[in-house]
Amino acid sequence: MAHIHLQDGSFSLYWVIVWWLATIIITAAAVLWLRNKKKCEPRTLTIAAFCTAAMFVIFLVEIPIAGGVHLSLTPFIGILVGPAIGACVVLIVNIFTAAVGHGGWSMIGANALVNVIEVLVAWALYAGLKNVVKGTFPRVALATFVSLCLGNIAMIGIILISGVQGVTQSQGQVLYGLTLIAAVNFAVAVIEAVVTGFMVAFIERTRPDILGKKP
């Protein structure tokens, strides 16, 4: 989904540092919170490890639409392990994907920030809509779709704010191109919303304890 597939040198050093610092601050806050406020059970860490591996794999599987898009699983991760652990997971995955050429190393900070937004929004909507949207599937699907759409908006904002070095197009032309990409991603978000809804609903039926519910 929302992922900045730009190589190193696309952003100026200033903006690379800005987005890296933002991600480091968020991740550090998440780690401190986990360390001081929440005890991570071995089962939770196992689920987080599974999410990391699954997200890394799904990032590398392209759907042959509009030149190639992919799912992200960021909303699924937010719902399963929460925003704090989710922030750590997405940072690790973005480091791994950069290592295999899926975006530049300098893009890790910006990409992780976009993914953290998706994780946080999905978790917040999934929890907050519990008494508003009845049924696990529609609640998860809605949370997933909204979070991915906001992730795309964040991606566009980061690129427009940072600017792409070496590009001669005007800001309006760049925005137009990014809007087309976002439109495709919104369509893919519908697919991911359905997939995530089915996955969480299945987990709720078979292993409700994973979602913090009593069997």
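Could we say that VAL114 is in contact (Cβ under 8 Å) with a residue 12 or more places away in the chain and either outside any helix (DSSP H, G or I) or within 30 Å of VAL16 (Cα to Cα) (or both) here? I'd like the intermediate steps shown before the answer.
Numbers: in contact (Cβ under 8 Å) with a residue 12 or more places away in the chain: yes; either outside any helix (DSSP H, G or I) or within 30 Å of VAL16 (Cα to Cα) (or both): yes.
Yes: the conditions hold for VAL114.
Please go through the stretch 1-17 and give me each residue that is buried (at least 18 other Cβ atoms within 10 Å of the Cβ) and either among the aliphatic types (A, V, I, L, M) or over 16 Å from ASN115 (Cα atoms) (or both), ordered by number.
Let us first name the residues in the stretch 1-17 that are buried (at least 18 other Cβ atoms within 10 Å of the Cβ), namely 1-4, 6, 10-11, 15-16.
Of everything in the stretch 1-17, those that are buried (at least 18 other Cβ atoms within 10 Å of the Cβ) and either among the aliphatic types (A, V, I, L, M) or over 16 Å from ASN115 (Cα atoms) (or both) turn out to be MET1, ALA2, ILE4, LEU6, SER10, PHE11, TRP15, VAL16.
I'm checking my understanding of the structure. Among residues of the stretch 167-188 that are without any contact (Cβ under 8 Å) to a residue 12 or more places away in the chain and of a type outside the set (A, V, I, L, M), which one is surrounded by the most Cβ atoms within 10 Å (Cβ to Cβ)?
The qualifying residue surrounded by the most Cβ atoms within 10 Å (Cβ to Cβ) is GLY177.
Please enumerate the residues belonging to the stretch 154-175 that are among the aliphatic types (A, V, I, L, M) and not in a loop (DSSP other than H, G, I, E, B).
If we filter the stretch 154-175 for residues that are among the aliphatic types (A, V, I, L, M), which is where we start, we get 154-156, 158-161, 164, 167, 174-175.
Matches in the stretch 154-175: ALA154, MET155, ILE156, ILE158, ILE159, LEU160, ILE161, VAL174, LEU175.
Name the single residue, out of those in the stretch 189-212 being exposed (fewer than 11 other Cβ atoms within 10 Å of the Cβ) and either among the basic types (Lys, Arg) or not in a helix (DSSP H, G or I) (or both), that is modelled with the lowest pLDDT.
GLY212
So for the stretch 140-155 (the condition being in contact with a strand residue (DSSP E or B) (Cβ under 7 Å, 6 or more places away or on another chain) and in contact (Cβ under 8 Å) with a residue 60 or more places away in the chain), does at least one residue qualify? First the steps, then the outcome.
Taking the stretch 140-155 and keeping what is in contact with a strand residue (DSSP E or B) (Cβ under 7 Å, 6 or more places away or on another chain), we get none.
No, the conditions are met nowhere in the stretch 140-155.
From the list LEU80, LEU45, pick out the single residue that is loosely packed, with under 13 Cβ neighbours inside 10 Å, among the hydrophobic types (A, V, I, L, M, F, W, C) and over 26 Å from ILE159 (Cβ atoms). Break it down stepwise before answering.
Values: LEU80 fails: loosely packed, with under 13 Cβ neighbours inside 10 Å.
Selected residue: LEU45, the only one of LEU80, LEU45 that is loosely packed, with under 13 Cβ neighbours inside 10 Å, among the hydrophobic types (A, V, I, L, M, F, W, C) and over 26 Å from ILE159 (Cβ atoms).
How do the pairs read when you match residues in the stretch 31-60 that are without any contact (Cβ under 8 Å) to a residue 60 or more places away in the chain with residues anywhere that are of a type in the set (Phe, Trp, Tyr), using Cβ under 8 Å and keeping only pairs 6 or more apart or on different chains?
Here the result reads CYS51/PHE76; PHE56/PHE96, each pair linking the stretch 31-60 to a residue that is of a type in the set (Phe, Trp, Tyr).
What is the residue count in the stretch 95-116 for residues that are closer than 19 Å to LEU34 by Cβ and in contact with a Gly (Cβ under 8 Å, 6 or more places away or on another chain)?
The number of residues fulfilling the criteria is 2.
The values are calculated or read from the model by the stated rules, or taken from the named source; none is laboratory data. Just so it is clear, the structure is predicted and the values come from calculations on it, not from any experiment. Positions of Cβ are generated from backbone atoms using ideal geometry, with glycine treated the same way; all protein chains shown enter the neighbour counts.
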